[in-house]
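The values are calculated or read from the model by the stated rules, or taken from the named source; none is laboratory data. All values derive from a computational prediction rather than experimental measurement. FYI the Cβ positions are ideal-geometry reconstructions off the backbone, even for glycines, and counts take in every protein chain you see. Remember, those area values only see protein heavy atoms, side chains included, never the ligands or the DNA or RNA. Shrake-Rupley method; radii C 1.70, N 1.55, O 1.52, S 1.80 Å.
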Amino acid sequence: NYFVSEKNIVAFLTELQARGESLGTRVNVLSVAAGKDTIRPALTISLRVEGTFDAVMRTIGSIEHSPYAITLTSFALASSGQGVAWSAALGLTVGSTGAVSTSTLPASPTTTTAPVPPKANTSQPNTL
C-alpha cells in the first residue's frame with residue numbers, strides 16, 4: 001500500500017521506529033501534520049534518527065525505499081563531536097488516503113432528456 005490513511009498513522013510511525021531499531025538507531029517522531037491539499041492529500045512528518053553514521057544512513061535509506069509514497073523534503077546530518085553518535089533531522093511527506101471534502105469536488109453531471117419535437121408532416125413515409 002503506497003498511501004497511509006490518517007487512521008493508520010500510528011501504525012505507520014511505529015513501523016518507522018521499528019525499522020530504525022532493527023538497524024541500530026533510535027527514530028524519534030518530532031511532529032505529524034495533515035497537509036491542506038485536498039486533491040493530493042499527504043501527511044507531513046518530522047523525524048530525528050540517532051545512532052552511528054552507518055546505522056543512521058541505512059535507516060534513512062530504508063525509510064526512503066519503504067513501500068509508501070514518501071518524499072524526503074529536508075535532511076540535516078550532525079555529529080556529536082565524539083565520533084560515534086550521529087543525528088539526522090528528516091522532513092518527509094507521505095501520500096495519504098485522507099478524505100476529500102465533497103465541497104471541492106465538481107458537481108456530478110446530470111442527464112436530462114429534452115422533449116423531442118414532433119416530426120414535420122411530410123408526404124414521404126417514415127423509414128428507419
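General observations
- Residues of the range 63-98 satisfying the condition of being open to solvent by 100 Å² or more (accessible area, probe 1.4 Å), closer than 27 Å to Ser5 by Cβ and modelled with pLDDT under 75: none
- Identity of the residue in the range 1-15, open to solvent by 80 Å² or more (accessible area, probe 1.4 Å) and part of a helix (DSSP H, G or I), that ends up modelled with the highest pLDDT: Val10
- Members of the range 16-28 that are surrounded by fewer than 15 Cβ atoms within 10 Å (Cβ to Cβ) and either in contact (Cβ under 8 Å) with a residue 12 or more places away in the chain or among the hydroxyl-bearing types (Ser, Thr, Tyr) (or both): Ser22, Gly24, Asn28
- Where a residue in the range 65-87 is more than 15 Å from Ala55 (Cβ to Cβ) and its partner, wherever it lies, is β-branched (Val, Ile, Thr) and part of a strand (DSSP E or B), with Cβ under 7 Å and at least six apart: Tyr68/Val4; Tyr68/Val94; Ala69/Val94; Ile70/Val94; Thr71/Thr93; Thr73/Thr93
- Criterion (surrounded by fewer than 10 Cβ atoms within 10 Å (Cβ to Cβ), at pLDDT below 60 and either within 22 Å of Glu6 (Cβ to Cβ) or touching a Gly at 6+ places or on another chain (Cβ under 8 Å) (or both)) met by exactly one of Thr127, Thr102, Thr111: Thr102
- For the range 29-60, the tally of residues that are under 17 Å from Leu77 (Cα atoms), polar (S, T, N, Q) and open to solvent by 60 Å² or more (accessible area, probe 1.4 Å) stands at 1.
- The range 20-53, subset part of a helix (DSSP H, G or I) and at pLDDT 95 or above, residue nearest to the chain's Cα centre (by Cα): Gly20
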